[in-house]
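I have placed the structure first, in the form of structure tokens, so that the comments after it can refer back to it.
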Amino acid sequence: MIYLVDDNLAVREAMTLLLATYAKEVTTFCDAEHLLNNLGNVQPGIILLDLRMPVVSTRRSSRLQ
């Protein structure tokens with residue numbers, strides 16, 4: 001499973017199409033806050049983050065343990 005976080009809808013859609021060829025499931029989030037709210041539910045194999053997102057700092061969310 002791949003989690004993809006980007007505030008740009010067009011990027012999320014394009015990346016989802018690309019990543020779907022490599023993973024059975026791609027879950028997208030529009031910001032880091034939504035990602036953080038959903039991390040307890042499932043542990044993805046990889047998280048791809050946009051480095052310049054509003055709401056919650058990507059640097060803050062990248063410090064997850």
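The values are calculated or read from the model by the stated rules, or taken from the named source; none is laboratory data. Computed from a predicted structure; not experimentally measured. Note that each Cβ is placed from the backbone with ideal geometry, even for glycine, and that neighbours are counted across all protein chains shown. These area figures cover heavy atoms from the full protein model, side chains too; ligands, DNA and RNA do not enter into them. Shrake-Rupley method; radii C 1.70, N 1.55, O 1.52, S 1.80 Å.
Would you mind stating whether L48 is open to solvent by 50 Å² or more (accessible area, probe 1.4 Å) and either outside any loop (DSSP other than H, G, I, E, B) or modelled with pLDDT of 85 or more (or both)?
Details: open to solvent by 50 Å² or more (accessible area, probe 1.4 Å): yes; either outside any loop (DSSP other than H, G, I, E, B) or modelled with pLDDT of 85 or more (or both): yes.
It is true that L48 is open to solvent by 50 Å² or more (accessible area, probe 1.4 Å) and either outside any loop (DSSP other than H, G, I, E, B) or modelled with pLDDT of 85 or more (or both).
What are the residues in the stretch 1-13 that are of a type outside the set (D, E, K, R) and open to solvent by less than 60 Å² (accessible area, probe 1.4 Å), if any? Show your work before the answer.
Of the residues in the stretch 1-13, the ones of a type outside the set (D, E, K, R) are 1-5, 8-11.
Listed by number, the residues that qualify are I2, Y3, L4, V5, V11.
Only one of (1) touching a Leu at 6+ places or on another chain (Cβ under 8 Å); (2) modelled with pLDDT under 80 fails for I2. Which number is that?
(2)
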